[in-house]
Amino acid sequence: MNLHEYQGKELLNSFGVRIQRGIVAHSANEAVDVAKQLTEETGTSWHVIKAQVHAGGRGKGGGVKLAKNLQEVEEIAGNIIGMNLVTPQTSAEGKKVHQVLVAEDVYYPGDSEPEEYYMSVLLNRGVGRNMIMYSTEGGMDIEQVAEETPHLIFTEEIDPAVGILPFQARRVAFNLGLSGTAFKEMTKFVTALYTAYVKSDASLFEINPVLKTSDDKILAVDSKVTLDENALYRHRDLAELRDLREENPIEVEAGSLGLNYVDLDGNVGCMVNGAGLAMATMDLIKHSGGEPANFLDVGGTADASRVEAAFKIILKDPNVKAILINIFGGIVRCDRVAQGVIDAYKNLGNINVPIIVRLQGTNADIAKELIDNSGLDVLSATEFQEAADKVQEVLS
């Protein structure tokens, strides 16, 4: 589950991570009010207006701007709120902006020049350890840094059973070229950031940039926080931060129905029970000349109501030219699934795309007979290759 920048910063701050302070606003007038409040609380005279959407590269799309007075705060906030923000990480249609973060200006003059760093905390699946990835090249695309100057990216692997040790936090600060007060501040920042990552059951923290201010404070200017949905039962307060407006509406609807669904760009809808079989089915579709339109796992209870719900979800995608139902009858009997497909087909009516049903396992022969004798425009198969051939046939 992704958080907005302002939500991520509030989470970080609750664990002692210093942040660029800001207040969220939902209208231009509210932006002016919170800018005044922010000036009273922080002393800032300039304000940064940031679109709050789940996408990176907001500045490139015009979603991050500096306001030097309250009139500019109102004008900029009014222009950003309601716009469809297009960034390198959104579709061509972009994402509608419903709110902005009005933040303090932290690039003020002082005894030294401000410096920007990149830092993230994530799981290194290759070694089964958490990892801090960081670079002196903050404020720019880390992918570009990795491609052009990979020697400027450092990693610090942390044993999850032990946690981050003081010497590791110091090594991060040393590799970033810090000394004195800034060195001490960075070690505190890194330690608090890692603690926040573990305590919140996150799967990703990405701070770009981490800023060393002109008076040697270390703070998070941005935040990208992704939480592990499987652990949200332990964090009811964080689960409430979910913004459904930022998510694919079909995926949201599927989730409410208990279906595991991921929207893809292909032309063949998939309805499968079991994640492993679903992945194999997607491979099967590609080998047969098609492209999977979705990942859809109906789980172990593929009854008529569940199959009907899955049909409705798949058919919401106008790009679907065929549907492949691939069920292994272990826990659930194939004949019950077949009857569910027949009942769902009759209830929905007017399904104008070919349907291939491959049922294997308990009572698969009875299931095939039910499908073949249903009188419906449904093709049955019992073998993987047979299903692949029929997918290829209906697509050609």
Exercise. How far, in degrees from 0 to 90, does helix 180-199 lean away from the longest principal axis of the Cα atoms of the chain, to the nearest 10?
Worked result: 20
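At a 1.4 Å probe radius, carbon and sulfur cover how many percent of the accessible area of the chain?
Working: 9120 of 18850 Å².
So the carbon and sulfur contribution to the accessible surface is 48 percent.
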For this session: Taking the Cα centre of segment 138-242 as origin, sum charge times position over the Cβ atoms of Lys and Arg (+1) and Asp and Glu (-1), and report the length of that vector in debye to the nearest 20.
Result: 520
Problem set entry | Reduced Cα scattering model of the chain, Debye log10 I(q)/I(0), q = 0.06 Å⁻¹ | -0.34
Problem set entry | Inter-probe distance in nm under a simple model that places probes 7 Å from Cα toward Cβ, at ASN29 and GLU393 | 6.6
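How long are the semi-axes of the equivalent ellipsoid of segment 268-371, taking √(5λ) for every eigenvalue λ of the Cα gyration tensor, in whole Å from largest down?
Working: eigenvalues 74, 54, 28 Å².
Taking √(5λ) for each Cα gyration eigenvalue gives 19, 16, 12 Å.
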Exercise. What is the distance in Å between the Cα centres of segment 284-349 and segment 23-46?
Worked result: 51
Seminar exercise, completed: Taking a ≥ b ≥ c as the square roots of the Cα gyration tensor eigenvalues, with a/c under 1.5 meaning rounded and otherwise prolate when a/b beats b/c or oblate if not, segment 1-91 comes out oblate
Exercise. If each of ARG21 and ASP243 carries a label point 7 Å out from its Cα toward its Cβ, how far apart are those two points in nm?
Worked result: 2.2
Exercise. With springs only between Cα atoms under 10 Å, which of ASN260, ASN347, ASN84 fluctuates most in a Gaussian network model of the chain?
Worked result: ASN347
Exercise. When the Debye formula is applied to the Cα atoms of segment 180-258, each taken as the same point scatterer, what base-10 log of I(q)/I(0) results at q = 0.12, 0.17, 0.18, 0.27 Å⁻¹?
Worked result: -0.49, -0.79, -0.85, -1.29
For this session: Take segment 266-325, drop everything but the C-alpha atoms, weight them equally and run the Debye formula without solvent; then report log10 I(q)/I(0) at 0.20, 0.21 Å⁻¹ to two decimals.
Result: -0.67, -0.74
Problem set entry | Net charge dipole size for segment 204-353 [Lys, Arg +1 and Asp, Glu -1 on Cβ; Debye, nearest 20] | 480
For this session: With both partners inside the chain, how many of the DSSP beta bridges are antiparallel, as a percent to the nearest 5?
Result: 70
Exercise. Can you list the lysines whose alpha carbon sits under 27 Å from that of LYS68, skipping same-chain ones fewer than 8 residues off?
Worked result: LYS9, LYS36, LYS50, LYS60, LYS95, LYS96, LYS212, LYS217, LYS224
Seminar exercise, completed: Taking every C-alpha to C-alpha distance in segment 180-226 and binning by 5 Å from 0, the per-bin percentages run 5, 22, 27, 24, 14, 6, 2
For this session: Determine the dipole magnitude for segment 328-395: charges of +1 sit on the beta-carbon of Lys and Arg, -1 on that of Asp and Glu, nothing else is charged, the reference point is the Cα centre, and the result goes in debye to the nearest 20.
Result: 260
Seminar exercise, completed: If one compares the long axis through the Cα atoms of helix 70-80 with the longest principal axis of the Cα atoms of the chain, the angle in degrees, nearest 10, works out at 20
For this session: Could you state the angle between the C-alpha long axis of helix 28-42 and the longest principal axis of the C-alpha atoms of the chain, as a value from 0 to 90 degrees rounded to the nearest 10?
Result: 40
Seminar exercise, completed: Mean accessible area per residue over the chain (1.4 angstrom probe, all protein chains present, square angstrom) is 48
Problem set entry | Added length on full extension, which subtracts the Cα-Cα distance from 0.36 nm per residue, ASP377 to VAL353 | 7.7 nm
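The values are calculated or read from the model by the stated rules, or taken from the named source; none is laboratory data. All values reported here derive from a predicted model rather than from experimental measurement. Positions of Cβ are generated from backbone atoms using ideal geometry, with glycine treated the same way; all protein chains shown enter the neighbour counts. Surface accessibility is based on the protein's heavy atoms, side chains included, excluding ligands, DNA and RNA. Shrake-Rupley method; radii C 1.70, N 1.55, O 1.52, S 1.80 Å.
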